[in-house]
Amino acid sequence: MNILSFDVEEWYIVKHFLSADPKKYQAYDIMLERILDLLDEHQEKATFFCLGALVKEFPHVVKAIANRGHEVGCHSHIHGWINKMKPEEFRKDLMLAINDLEDATGKKVESFRAPAFSIGESNKWAFEILAECGIKNDASIFPAMRDFGGFPAFEGGSKPCRISYKGIEINEFPITLTKLPIVGKEIAYSGGGYFRLLPLSFVKSRMKDADYGMCYFHIVDLLDFKSKMMTKEEYESYFKEAGTLKNRMIRYMKSNLGRKRAFAGLSALLDTFDFCTVEEAASIMDLTIVKI
């Protein structure tokens with residue numbers, strides 16, 4: 001089973017952390033429309049994890065997704081990383097996001113993905129708050145080390161399961177990992193930077209061999225022009241760490257590698273595989289319980 005998901009945040013990020021360039025908003029609008037048209041063409045549905053703040057600041061984004069019949073999930077309210085929040089901060093942010101998204105779509109929001117996959121060993125309390133706020137399906141776990149998050153100790157690995165924690169249970173649909181030949185490093189091949197960098201044949205072969213795949217994209221990943229390098233101030237405002245030239249160059253390279261072929265790669269996946277939403281997967285899969 002393959003799940004197709006998108007994290008929808010770019011409009012908000014540009015407005016609050018970058019240059020607030022209207023040309024970027026237009027580029028995101030056009031790419032979102034292309035994605036929605038591509039999904040219609042293949043008669044496929046996806047889960048779009050949206051920021052709650054988009055509802056008031058860029059309402060056309062959430063409405064466009066919902067009007068095409070896709071699942072609207074929650075990606076927090078203002079893209080705050082949960083591993084940098086206190087429980088009460090996360091609860092407030094989550095409830096605000098869910099309320100706004102539900103008001104905009106007229107449907108219950110039951111699926112969630114943390115910004116930067118920022119639920120890990122140190123903040124498992126987030127699952128209690130997700131369940132308390134009505135979230136049934138989570139897609140936040142990145143079961144390996146990564147720059148700004150990751151949960152390498154997660155016993156469920158990169159397979160769907162049902163998390164049991166302090167009396168609550170929640171469905172978990174983690175990021176799919178595979179090991180690179182020779183190197184042995186575990187990578188998230190079916191989305192993000194590695195999807196743009198790796199040969200499409202490699203991605204397809206891994207997906208064909210797997211029982212489960214979680215594909216994940218950002219709108220900006222699929223644009224065919226390069227983003228500018230962040231200024232020191234922009235980097236530190238967004239990433240909350242030193243905006244050294246090295247850090248900014250690494251982020252610039254990671255953000256831009258392989259973009260020109262990314263949309264064609266997504267189209268090729270839709271030509272090859274069938275996909276479903278997180279909500280649909282949860283309704284038909286028999287999930288093993290994993291205690292954390």
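The values are calculated or read from the model by the stated rules, or taken from the named source; none is laboratory data. Since we're looking at a predicted model, the values are computed, not measured. Heads up, the Cβs are rebuilt from the backbone with ideal geometry, glycines too, and the neighbour counts pull from every protein chain shown. These accessible areas exclude ligands, DNA and RNA; they are computed on the full protein's heavy atoms, side chains included. Shrake-Rupley method; radii C 1.70, N 1.55, O 1.52, S 1.80 Å.
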message: If I filter region 129-150 for residues that are touching a His at 6+ places or on another chain (Cβ under 7 Å) and surrounded by fewer than 21 Cβ atoms within 10 Å (Cβ to Cβ), do I get at least one hit?
response: no
message: For Asp21, only one of the following conditions fails: (1) over 30 Å from Cys161 (Cβ atoms); (2) out of contact with any helix residue (DSSP H, G or I) (no Cβ under 8 Å at 6 or more places or on another chain); (3) without any contact (Cβ under 8 Å) to a residue 12 or more places away in the chain. What is its number?
response: (2)
Pairs with Cβ under 8 Å, 6+ apart, first in region 83-104 and surrounded by 21 or more Cβ atoms within 10 Å (Cβ to Cβ), second among the charged types (D, E, K, R): Asp100/Lys56; Ala104/Lys63
task: Report yes if Phe112 is buried (at least 18 other Cβ atoms within 10 Å of the Cβ) and touching a strand residue (DSSP E or B) at 6+ places or on another chain (Cβ under 9 Å), otherwise no.
output: yes
Search result, residues across region 154-202 that are open to solvent by 60 Å² or more (accessible area, probe 1.4 Å), aliphatic (A, V, I, L, M) and assigned to a loop (DSSP other than H, G, I, E, B): Ile182, Val183
field: Members of region 175-206 found to be of a type in the set (S, T, N, Q) and over 21 Å from the mean Cα position of the chain (by Cα), listed by number
entry: Ser201, Ser205
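One line per residue, one yes/no per condition, for (1) more than 18 Å from Ile219 (Cβ to Cβ); (2) out of contact with any helix residue (DSSP H, G or I) (no Cβ under 9 Å at 6 or more places or on another chain); (3) open to solvent by less than 10 Å² (accessible area, probe 1.4 Å); (4) not in a helix (DSSP H, G or I):
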residue: Gln26; (1), (2), (3), (4): no, yes, no, no
residue: Asp29; (1), (2), (3), (4): no, no, no, no
residue: Asp37; (1), (2), (3), (4): no, yes, no, no
residue: Asp40; (1), (2), (3), (4): no, yes, no, no
residue: Glu44; (1), (2), (3), (4): no, no, no, yes
residue: Phe48; (1), (2), (3), (4): no, no, yes, yes
residue: Lys63; (1), (2), (3), (4): no, no, no, no
residue: Ala66; (1), (2), (3), (4): no, no, no, no
residue: Lys107; (1), (2), (3), (4): yes, no, no, yes
- prompt: Can you tell me which residues in region 166-209 are over 24 Å from Phe263 (Cβ atoms) and of a type in the set (Lys, Arg)?
  reply: Lys166, Lys179, Lys185
Helices (runs of 4 or more DSSP H) wholly inside region 239-292 that include at least 3 residues being crowded, with 17+ Cβ neighbours inside 10 Å and at pLDDT 75 or above: 262-272, 278-284
- request: Please work out which one of (1) at pLDDT below 80; (2) of a type outside the set (A, V, I, L, M); (3) more than 25 Å from Ile82 (Cβ to Cβ); (4) assigned to a helix (DSSP H, G or I) is the condition Lys208 fails and give its number.
  value: (1)
message: Among the listed residues Phe90, Phe127, Phe142, identify the single one that is outside any strand (DSSP E or B) and within 23 Å of Met207 (Cβ to Cβ).
response: Phe142
